[in-house]
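Below is one structure, written out as structure tokens, with a few remarks after it.
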Amino acid sequence: MLSSKNLKSKRVVVALGGGIAAYKVCELVSTLFKSGVEVRVILTKSAQEFITPLTLATLSRHQAYTDDDFWQPIYSRPLHIELGEWADLIVIAPLTANTLAKLTYGMADNLLTNTVLASTCPVLLAPAMNTDMWEQVAVQRNWLQLLTNSRFYGMGTASGLLACDRIGAGRMAEPAEIFVYIQSLLHTQGIRDLAGKQVLISAGGTREYLDPVRFIGNPSTGKMGLALAQAALHRGAKVILVHCPASWDVPLGVEAIPVISADEMQQVMLEHLANADIIIMSAAVADVKPKEYSTEKLPKRSLPENLPLAAVPDIVAEIGNRKQPHQYLIGFAAQTGDIITPAKEKLQRKKLNAIVANPIDKVDSGFGSDNNQAVFLDMSGREVEIPACSKLEMAHYLFDFVV
Ligand code: C5P
């Protein structure tokens, strides 16, 4: 989560179409308000069949607007102009087939569509509809056409059990995922500086198994890699995320490849290396593995007193040796104490373009935390200190640093 300092002065219009997913948008509005964002809500006529303006007014601490307000001559300036100029970002969730069609053709027959036309800020779209509706040729054509306009940012739909009892595509992105996208767009102001780029990211802690149950591992949760994948995706990149076992869901639109051991991670990373423009090795790779692997669980009495170990491959060093001049390689150095000296040494030795020196002995930073702090260093000698912030924010600062 971005710290509330960065969200505090931001202004977001949340516009709801008529769909059952509207109930989830209540949670999104509440989260935005609690993060310090100023929120204004618009409900279409059909959105009000699902939830009331009162619910959203209560959660946003401000009147929620409907078409009744649009047609009232009580404002100094037309409401859609006020809202359109006020917004840093408009989020349309759930986006229905009807509103999608209107936006595609520039129609303006209600407060929502008029506000979009009276604004120039980025517009984030989270569609939600029945699978057959979503897959209609006309709907898909409108969707693709609307997204050719660079001010619109489309979130994919998830597959799952829909309210119509179908299992299929068309489910709205989860509020938490929409919230992350909002934070990204507020940070970048909609700039897609990674468009056309492929970003290959490793995340999490590798596991080196002794038998089917026991392994050598570390406390990495992969949250930093997840945040890097989200930030890269929201800046327009194609993202491949090679990740160790994790408790989070893969973001819609990210190609995720699960792996377990360092050997597996190396194989997958090298398979995808050729097409990558930026490679980020944020994974915490176990440095050693048990020399032998038993396919059967070892009885306690047969566990060796001293476990013979073997080294695992240094993946980032191997990539450093193989990378082409146009490819940009970033490593992480999780350290205690002096974080700069070992990071500088790794930057050179592993032939990296940049490194993130990451203290893991600070409160609320490093492994498992939602927050992080770091110093970015690169081969040209640049050194930028990033004070404690969310991992998503850190990911954006890193792309600001390298792009
Ligand atoms: O473990 P170390 O501090 O050397 O890690 C620095 C960088 O090297 C990190 O980016 C990490 O992902 C990478 N690494 C690797 N393969 C290893 C060990 C570390 O790619 N076996």
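The values are calculated or read from the model by the stated rules, or taken from the named source; none is laboratory data. As the structure is a prediction and not an experimental result, all values here were calculated from the model. All Cβ positions, glycine included, derive from the backbone under ideal geometry; neighbour counts span all protein chains shown. Ligands, DNA and RNA are stripped out before the accessible areas are found, and what is left, the full protein with its side chains, is counted by its heavy atoms. Shrake-Rupley method; radii C 1.70, N 1.55, O 1.52, S 1.80 Å.
Out of all the residues in region 144-153, is one or more of a type in the set (Lys, Arg) and within 24 Å of the chain's Cα centre (by Cα)?
The answer is yes, given that some residue of region 144-153 is of a type in the set (Lys, Arg) and within 24 Å of the chain's Cα centre (by Cα).
Of the residues that sit in region 285-321 and are among the small types (Gly, Ala, Ser) and open to solvent by less than 20 Å² (accessible area, probe 1.4 Å), which one is nearest to Leu352 (Cα to Cα)?
Gly320
Here is a check on your reading of the model: is Val259 of a type in the set (Val, Ile, Thr) and at pLDDT 95 or above?
Judged against the criteria, Val259 is a match.
Residue under question is Pro325, and the condition is that it be open to solvent by 40 Å² or more (accessible area, probe 1.4 Å) and either of a type outside the set (Gly, Ala, Ser) or within 12 Å of the ligand (Cβ to nearest atom) (or both); does it hold?
Yes: the conditions hold for Pro325.
Condition check ((1) β-branched (Val, Ile, Thr); (2) within 14 Å of the ligand (Cβ to nearest atom); (3) under 17 Å from Glu177 (Cβ atoms)) across all residues:
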residue: Gly217; (1), (2), (3): no, yes, no
residue: Gly222; (1), (2), (3): no, yes, yes
residue: Gly225; (1), (2), (3): no, yes, yes
residue: His234; (1), (2), (3): no, no, yes
residue: Ser247; (1), (2), (3): no, no, yes
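If the requirement is being open to solvent by less than 50 Å² (accessible area, probe 1.4 Å) and more than 16 Å from the ligand (Cβ to nearest atom), which of these qualifies: Leu210, Leu200?
The conditions single out Leu210.
Can you give me the number of residues within region 302-333 that are closer than 28 Å to Pro290 by Cβ, in contact (Cβ under 8 Å) with a residue 60 or more places away in the chain and among the β-branched types (Val, Ile, Thr)?
Matching residues across region 302-333 total 2.
For region 264-288, enumerate the residues that are near the ligand (Cβ under 10 Å from one of its atoms) and within 19 Å of Gly217 (Cα to Cα).
Scanning region 264-288 gives Met265, Gln266, Met281, Ser282, Ala283, Ala284, Val285, Ala286, Asp287, Val288.
Do any strands (runs of 3 or more DSSP E) entirely within region 1-102 hold 2 or more residues that are open to solvent by 20 Å² or more (accessible area, probe 1.4 Å), and if so, which?
Output list reads 38-43.
Output the qualifying pairs, or none if there are none: Cβ atoms under 7 angstrom, residues six or more apart or on different chains, first residue in region 227-241 and closer than 14 Å to Asp400 by Cα, second residue aromatic (Phe, Trp, Tyr) and at pLDDT 95 or above.
Close Cβ pairs (under 7 Å, with a partner that is aromatic (Phe, Trp, Tyr) and at pLDDT 95 or above) amount to Ala231/Phe399; Ala232/Phe399; His234/Tyr181; Arg235/Phe399.
Check Ile191, Ile201, Ile182 and return the single one that is among the aliphatic types (A, V, I, L, M) and more than 30 Å from Val316 (Cβ to Cβ).
None of the other options fit; the residue is Ile182.
Examine region 390-399 for a residue that is away from the ligand (no atom under 13 Å from the Cβ) and either more than 20 Å from the chain's Cα centre (by Cα) or open to solvent by 40 Å² or more (accessible area, probe 1.4 Å) (or both), and state whether such a residue exists.
Yes, the conditions are met somewhere in region 390-399.
May I ask you to verify whether Gln348 is in the same structural domain as Lys223 (by TED's automatic domain parsing) and over 27 Å from the mean Cα position of the chain (by Cα)?
yes
What are the pairs, 6+ residues apart or on separate chains, where a residue within region 334-345 that is not assigned by TED's automatic domain parsing to the domain that holds Ala357 has its Cβ under 9 Å from a residue that is hydroxyl-bearing (Ser, Thr, Tyr) and open to solvent by 30 Å² or more (accessible area, probe 1.4 Å)?
none
When you go through (1) of a type in the set (Ser, Thr, Tyr); (2) more than 15 Å from the ligand (Cβ to nearest atom); (3) part of a helix (DSSP H, G or I) one by one for Thr341, which number turns out not to apply?
(2)
Could you tell me which numbered condition Leu233 fails, if it satisfies all but one of (1) open to solvent by 40 Å² or more (accessible area, probe 1.4 Å); (2) at pLDDT 95 or above?
(1)
What's the number of the condition Val384 fails, among (1) surrounded by fewer than 17 Cβ atoms within 10 Å (Cβ to Cβ); (2) within 16 Å of the ligand (Cβ to nearest atom); (3) at pLDDT 95 or above?
(2)
Tell me the helices (runs of 4 or more DSSP H) entirely within region 116-189 that contain at least 3 residues that are in the same structural domain as Ala93 (by TED's automatic domain parsing), in contact with a strand residue (DSSP E or B) (Cβ under 8 Å, 6 or more places away or on another chain) and within 13 Å of Ile92 (Cα to Cα).
Ranges flagged: 175-188.
When you scan region 331-350, do you find a residue that is open to solvent by 60 Å² or more (accessible area, probe 1.4 Å) and under 19 Å from Ala262 (Cβ atoms), even just one?
Looking through region 331-350, at least one residue is open to solvent by 60 Å² or more (accessible area, probe 1.4 Å) and under 19 Å from Ala262 (Cβ atoms).
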